[in-house]
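The structure under discussion appears below in the form of structure tokens.
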Amino acid sequence: MRALARAIDGMELPAVEKISEEQAQEPFQVLIATILSARTQDATTHAASTRLFKRARTPRGMARLPVKEIERLIYPVSFYRNKARHVKACCTMLIARFGGRVPSTMDELMVLPGVGRKTANLVMIVGFKSGGNICVDTHVHRISNRLGWVQTRQPEETEQALYRATGRRWWPLINLYLVTWGQNVCRPISPRCERCVIASDCPRIGVASSA
Ligand code: SF4
């Protein structure tokens, strides 16, 4: 993890971290950007979130927007119609159940429309600076298995296995480090093992060919 920390220095941040830096770690914006980010390229997520936040920056303001307008603002994120409905429903629930604020527990976050474990963990880490969560997305799942830290089939299993396999100090950093690494070096297809700073510690489990 220390080698990765040095290696990712200067690389482009993942979209949610970038938005978080720009928005002063405001949990609401982290929440909405994370909902938009599912199965969507980072640059697209960032541009869509920026357009949406220019139009509305609070749950109350966003809940007032018609779904069609949210669709237009967030297009072309993937599943933009579903995500627009989730964004509106999520804001409506934040107002009705949580006084217009983003709740700060996993159980409360996961009752929000469009919010699963991945989103809830990332909001806890990036929005609330929690040190007790690991956010597992496709990059974290893939690279943890390639490195042999875990042997799992599903991201949900990977999250629980990583709590057992890694030191607590690293939990909130695992997503940032491995997503950045996954986007730049340990790519899904043809990972760049030749230029990888942790290659000597990596058994490359399941890697058929590298660049
Ligand atoms: S050596 Fe290859 S498979 Fe292992 S972490 Fe580096 S890029 Fe990924």
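Computed from the coordinates by the stated procedures, all read-outs in this text should not be read as laboratory data. Owing to the predicted nature of the structure, the values given are computational and were not obtained by experimental measurement. No Cβ is skipped: glycine too gets one built from the backbone with ideal geometry, and neighbour counts run over all protein chains shown.
Listed values, structure above:
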| read-out | value |
| --- | --- |
| Single residue of 170, 149, 181 found to be within 13 Å of the ligand (Cβ to nearest atom), among the aromatic types (Phe, Trp, Tyr) and either in contact with a Pro (Cβ under 7 Å, 6 or more places away or on another chain) or in a helix (DSSP H, G or I) (or both) | 181 |
| Residue list for the range 184-197, restricted to those being within 6 Å of the ligand (Cβ to nearest atom) and either out of contact with any Lys or Arg (no Cβ under 6 Å at 6 or more places or on another chain) or not in a loop (DSSP other than H, G, I, E, B) (or both) | 186, 191, 192, 193, 196 |
| Tabulated pairs, the range 143-157, first within 15 Å of residue 187 (Cβ to Cβ) and in contact (Cβ under 8 Å) with a residue 60 or more places away in the chain, second of a type in the set (A, V, I, L, M, F, W, C) and within 10 Å of the ligand (Cβ to nearest atom), C-beta under 9 angstrom, 6+ apart or interchain | 145/205; 146/186; 146/202; 146/205; 146/207 |
| The range 120-148 - residue that is closer than 12 Å to residue 179 by Cα and of a type in the set (S, T, N, Q) and, of those, surrounded by the most Cβ atoms within 10 Å (Cβ to Cβ) | 144 |
| Some residue of the range 154-166 being surrounded by 14 or more Cβ atoms within 10 Å (Cβ to Cβ), part of a loop (DSSP other than H, G, I, E, B) and either in contact with a Lys or Arg (Cβ under 9 Å, 6 or more places away or on another chain) or basic (Lys, Arg) (or both) | no |
